[in-house]
Ligand code: XMP
């Protein structure tokens, strides 16, 4: 395994992810971990992460210098590099200018670190300090326009240092560099699988929970579904899921979720039908933000009440609340534009759950990225429809009925949505796009059906592609599929006589209409 010493970089989890991609196990430990403790973990390599500090700043995080004497290969990244250089007698200086953004790196291809890589690599920089004098035994094996010491190495001691970030997507060959370190230099075998990862997480859940009971708010979305399956694998009936039917769900949603989790997975599940309350609270409300607020608040109330009932039934036991929080939900949104961390930031679904309920959180997906969560879900036997499901907003169909919400309008959008879903799946497009859905517009128009004039509602069809929901473009869906969807909606959904296709990108439009 590889040990990652964390100096507070926002990319530390990304390093861990890259190592997982090399099929090697890694463990992130705080920079304060002593060399003796690290030795006990018996890693084949140590990676020193980046970090926000300057090595010369007061209170700058330091590593135990004993790590250099363990004889274990070391890779220092950014701050890690500066630390290694300073610890081993080199010199690090504040650059006049912070080097930030893309750069071009010329490498010494004889080094194992650059095995099988081209002589020039695009790399991503984000650092203020730089190494001006290498420690003894080191030589430069990579340079950029700004720095003759962008990559330095002491091949004898197997210590390698990179000034740039190999872990981010903006360093296209970064994964290969990390792989060279992990496989060739540290000698780790690519033997580690998702299955063993799942076992480890289950073990951690069991240790955390003991004989307590865990409540999980199940939405039917990817994250909460995978969290449910995973926690259930770990602790079985100590898990109970609460599913809130807010009356704003898609057609047959509740039945599908119950069938999968209760009938197939044998997970204890409590469905709360709160649709009447939600619809009552939403009556006459047209402002989109107000709608969202009402739905958010109501959800918390209903969930709390359900959780309280459980607590009453078994006092002291229900101490845990599980959430499907992913790593991109955890990292802070980074304000500097062009920062690659912004690429892995996505909307999060963490619904501001009530602190006063005094739950301890169980968040087994906290280290994972979305695609890894899908892999875990697949491994646990969840069906493709769940694991590769398109995102569905928390406020549900309420933000897809523009203006005020009535049962009748919900029926129309729900039926139209079902047609869209069916046709997108049948044509194979459902899994190719980010989202595809119907929106009921507050617009009526004239039509003709048989010999009769109609004056009915309009459905807008929205199909978008996106990487992370932050930006999006409309999909050039083949006309014949659009035609089939339109014909079916107009024929099958009572009250609709017109279908439009939304051809706006985000920005300036958003994906949802409200
Ligand atoms: P917008 O409409 O902001 O949507 O372009 C971006 C992505 O986020 C989803 N979305 C939500 N998801 N709660 C959610 O869990 C919400 O309130 C919410 N609003 C929008 C939307 O479906 C798209 O994928």
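Quick one: helix 194-209 against the long Cα principal axis of the chain, what's the angle to the nearest 10°, folded into 0 to 90? Approximately 80 degrees, to the nearest ten. Convex hull volume of the C-alpha atoms in the chain, normalised per residue: 172 Å³.
A viscosity of 1.567 mPa s and a temperature of 4 °C, combined with the Kirkwood radius over C-alpha pairs in the Stokes-Einstein formula, give segment 194-387 a diffusion coefficient of 73 µm²/s. I'd like the FRET efficiency for residue 196 and residue 445, computed as 1/(1 + (r/R0)^6) with the beta carbon distance as r and R0 of 60 Å, rounded to 0.05. E(calc), rounded to 0.05, equals 0.55. Protection proxy ranking for 187-196, 108-117, using the average of other Cβ atoms within 10 Å per residue and placing the highest first: 108-117, 187-196.
What is the helix-to-structure angle for 370-379, meaning the angle in degrees between its Cα long axis and the longest Cα principal axis of the chain, kept from 0 to 90 and rounded to the nearest 10? Between the helix axis and the principal axis of the chain, the angle is about 80 degrees.
Pairwise Cα distances in segment 363-454 exceed 20 Å in 55 percent of cases.
Put in order of Cβ neighbour count within 10 Å, fewest first, the listed residues 161, 22, 500, 241 become 500, 22, 241, 161.
Extension gain for the segment residue 422 to residue 268, taken as residue separation times 0.36 nm less the Cα-Cα distance, is 52.5 nm to one decimal.
By other beta-carbon atoms within 10 Å, ranking 81, 470, 269 with the fewest at the front produces 470, 269, 81. From least to most packed, judged by other beta carbons within 10 angstrom and beginning with the fewest, 100, 25 follow the order 100, 25. The long axis of helix 407-426 is offset from the longest Cα principal axis of the chain by roughly 60 degrees. Quick check: Cα centre of segment 188-214 to Cα centre of segment 24-38, how many Å? First find each Cα centre; the distance between them is then 18 Å. The distance between label points at residue 287 and residue 484 comes to 4.4 nm (points 7 Å beyond Cα on the Cα→Cβ vector). The simple Förster model, with R0 at 22 Å and r as the Cβ-Cβ distance, assigns residue 206 and residue 384 a FRET efficiency of 0.15. Of all beta bridges that DSSP places with both ends in the chain, some 50 percent have antiparallel geometry. Label-to-label distance for residue 471 and residue 245 is 4.2 nm, based on points extended 7 Å past Cα in the beta-carbon direction.
In terms of Cα atoms, the Rg and Dmax of segment 396-501 work out to 13.9, 47 Å. What does a probe at residue 21 reach in segment 140-182, counting residues whose amide N is under 16 Å from the point 7 Å along Cα→Cβ? 165-182, by backbone N distance to the label point. Per-residue extension of 0.36 nm, minus the Cα-Cα distance of residue 503 and residue 54, leaves a gain of 156.9 nm for this segment. Using the rule -39500 (n - 2.57) for each DSSP H run of four or more residues, divided by the residues of the chain, the 222 nm mean residue ellipticity is -9000 deg cm²/dmol.
We did not get these values from a lab; they are worked out from the coordinates using the rules stated. None of the values given here were measured: they were computed from a predicted structure. We place every Cβ from the backbone using ideal geometry, glycine too, and count neighbours over all the protein chains shown.
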